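Accompanying notes for the structure given below.
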Amino acid sequence: MKRLRLFLGTELPVLCILAFGLGPWVWMMLTSLRPDQDLSHSPITLIPSVFTLVHYIELLQRTNFIYNLRDSLVVAVGAVTLGMLLSLPAAYAFSRFRFPGRSFLRIQFLVVNMFPVVLLVLPIFMLLRELGLLDTYVALIAGHATFTLPFAIWLMTGYMDGLPVELDESAMIDGATRMQLLRLVILPLAAPGAVAVALYLFIASWNEYLFALMLAGRNVRTVTVALQMFIGENTINWGLLTAGGTLVALPAVLLFLLAQKRLVGGLTGGAVKG
Amino acid sequence: MRRTAFTPWLFLAPALVATILLVLGPVMETLWLSLHNVVLFRPRVRPFIGLENYISVLHDEAFWSSLGRSFVWVGVAVGCQFALGLTAALLLNRRFWWRPVARALVIVPWALPSVIIGLIWTWMLDFNLGIINQLGVQFGLLDASIPWLAQPSTAMAAVILAITWQGFPFFCVTLLAGLQSIPAEQYEAAAIDGAGKVRSFWYVTLPGLMPVMATALLLRMIWVANSLDLLLVMTGGGPGTSTQTLPLYAFLTAWSGANYGYGSSLAVMLTLMLLSVVILYAVRSRK
């Protein structure tokens, strides 16, 4: 009786929510494994008539998708590196120093995160055009830094606040310089948090669409822009699209599952302290 | 700890310089552009026109209607995400043996790129081959297939369905963390005082969740209000202007309309409205 109540009251609703949450994703993957004849006449069968990898083969052999994957990877790694390099010292300053303007600056980084992309993308586009940098890796890394940097600072400050100050003090008493302290004490302790933040930034950059569309798109074309371009004027090749979507979604989902635990603490912790 | 006035600025300088260059500079530039008449084809000639763009905005019917759609978009989408996310969080806070798996898997939609989410839902809502139309007809929920994204009366609801799917895991995960931080003693105390399930939810759970809830709602509201990609991928603002929210109107004006100045003033209006929400929240949480 108790078991039944648990099932009806908790497990069944959870199953329904999971079905809603995972259904569309699973449907995309199923679609990508169908042969073309399944995708051309209605009604579509729930289970594919045969499973096939033709769309993946076509995607990797007959399109530039592999180069799009490379471009996405380069941009994301660049944006993460830039974000982390700049945010670690900044988070350290916010967490360990008291100075005039501190809370104002902290809030400023939060507010900066809230500016609409529409507000930023036009002037950045015009600036990059002046500099002749449109459609390069630099352009996209700079564009993505507009959201990776403030976000990294916000999350990293939260983590550093969680590290006990006593450790700093005892290291200083032992005669460590500030650089030694940072390298030998703070960085190793902040590393797990930093990894989670880096993973999150990677996903954010990997998934980004609007900057990638506006600031590049021809020489440097990320996967999100490339996928969108598979949509023809009259016909949509759903097999190719869903195969691409499955490949692009996979790293994002896996990394997110990895980063999830630590990230949630950072998100809500930072949110409450904000 | 040694306190020198200079050291923290040394650590902050790179991040500050980058932010000024990449964010604050462009924001100022947009403000400046919004006071000028700038069109794409002659970027060098930009006559100063003062607040004229803003006056036109206030008389622009498309501005008011896209603002109205933005309110619907934010209100309904965030409301649905929140309701579903809270339900999921409460359920996942109960004990059952496969809970860790369920907690991990529920975040999947959050991790996916908006473009892919737009494509998945466009595919599922397809008139001929969409699974939603097919199952709907099969189970008698629909009389016939509906071109969800192609008719003005259903397009907005269809995109809101997609963004609800994308956003509910965020609420689930943050609210679940909030639930876990409520000390068990509070529930025990409530039980001793004779509070039932409903009352302990009302007097222990809700107040304990309040700070996380308020922050999560604020963050999500701003993200949803700003978000363009799902709308761009699924409808592009159409059919007609039935899904054209304010940021999309600003984007299309500046881009397809090639009118930078006017587009900028629309973007500034949007930012001012969002900023006022943020400031209101900051002032209230100070108290």
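A few points about this structure:
- A search for C-beta distances below 9 Å between a residue of region A:6-26 that is more than 7 Å from every other protein chain (Cβ to nearest Cβ) and any residue that is small (Gly, Ala, Ser) and in a helix (DSSP H, G or I), counting only pairs 6+ apart in sequence or on different chains, returns A:LEU15/B:ALA102.
- Filter result (in a helix (DSSP H, G or I) and either touching a Leu at 6+ places or on another chain (Cβ under 6 Å) or buried (at least 19 other Cβ atoms within 10 Å of the Cβ) (or both)) within region A:111-125: A:VAL112, A:VAL117, A:VAL118, A:LEU119, A:LEU120, A:VAL121, A:LEU122, A:PRO123, A:ILE124, A:PHE125
- Filter result for B:SER264 (open to solvent by 20 Å² or more (accessible area, probe 1.4 Å), over 20 Å from the mean Cα position of the chain (by Cα) and within 10 Å of chain A (Cβ to nearest Cβ)): no
- Condition broken by B:TRP121, with the remaining ones in (1) at pLDDT below 90; (2) of a type in the set (Phe, Trp, Tyr); (3) surrounded by 22 or more Cβ atoms within 10 Å (Cβ to Cβ) satisfied: (1)
- In region B:277-287, the residue that is nearest to the chain's Cα centre (by Cα) out of those that are open to solvent by less than 60 Å² (accessible area, probe 1.4 Å) and either free of Cβ contacts under 8 Å to residues at least 60 places away in the same chain or more than 10 Å from chain A (Cβ to nearest Cβ) (or both) is B:VAL277.
- One residue alone among B:LEU91, B:LEU67, B:LEU129 is touching a Ser or Thr at 6+ places or on another chain (Cβ under 9 Å), in a helix (DSSP H, G or I) and within 9 Å of chain A (Cβ to nearest Cβ), and that residue is B:LEU91.
- B:ALA254 being open to solvent by 10 Å² or more (accessible area, probe 1.4 Å), over 20 Å from B:TRP73 (Cα atoms) and at the interface with another protein chain (Cβ under 10 Å from one of its Cβ atoms): no
- Scope region B:180-215; condition hydrophobic (A, V, I, L, M, F, W, C), within 14 Å of chain A (Cβ to nearest Cβ) and out of contact with any Gly (no Cβ under 8 Å at 6 or more places or on another chain); matching residues: B:MET210, B:ALA214
- If you go through region B:230-245 and keep only what is buried (at least 23 other Cβ atoms within 10 Å of the Cβ) and at the interface with another protein chain (Cβ under 9 Å from one of its Cβ atoms), you end up with just B:VAL233.
- If only residues of region A:191-224 that are part of a helix (DSSP H, G or I), more than 13 Å from every other protein chain (Cβ to nearest Cβ) and open to solvent by 10 Å² or more (accessible area, probe 1.4 Å) are counted, the one that is modelled with the highest pLDDT is A:ALA198.
- Residue in region B:71-80 that is free of Cβ contacts under 8 Å to residues at least 40 places away in the same chain, under 30 Å from A:PHE256 (Cα atoms), open to solvent by 30 Å² or more (accessible area, probe 1.4 Å) and out of contact with any Ser or Thr (no Cβ under 7 Å at 6 or more places or on another chain) present: yes
- Where a residue in region B:154-177 is within 9 Å of chain A (Cβ to nearest Cβ) and part of a helix (DSSP H, G or I) and its partner, wherever it lies, is among the polar types (S, T, N, Q) and buried (at least 24 other Cβ atoms within 10 Å of the Cβ), with Cβ under 6 Å and at least six apart: B:PHE168/B:GLN81
The values are calculated or read from the model by the stated rules, or taken from the named source; none is laboratory data. The structure presented is a predicted model; accordingly, all values stated were derived computationally and were not measured. Every residue, glycine as well, gets a Cβ built from its backbone with ideal geometry; the counts of neighbours run over all protein chains shown. The protein model used for the area step is the full one, side chains on, heavy atoms only, and it has no ligands, DNA or RNA in it. Shrake-Rupley method; radii C 1.70, N 1.55, O 1.52, S 1.80 Å.
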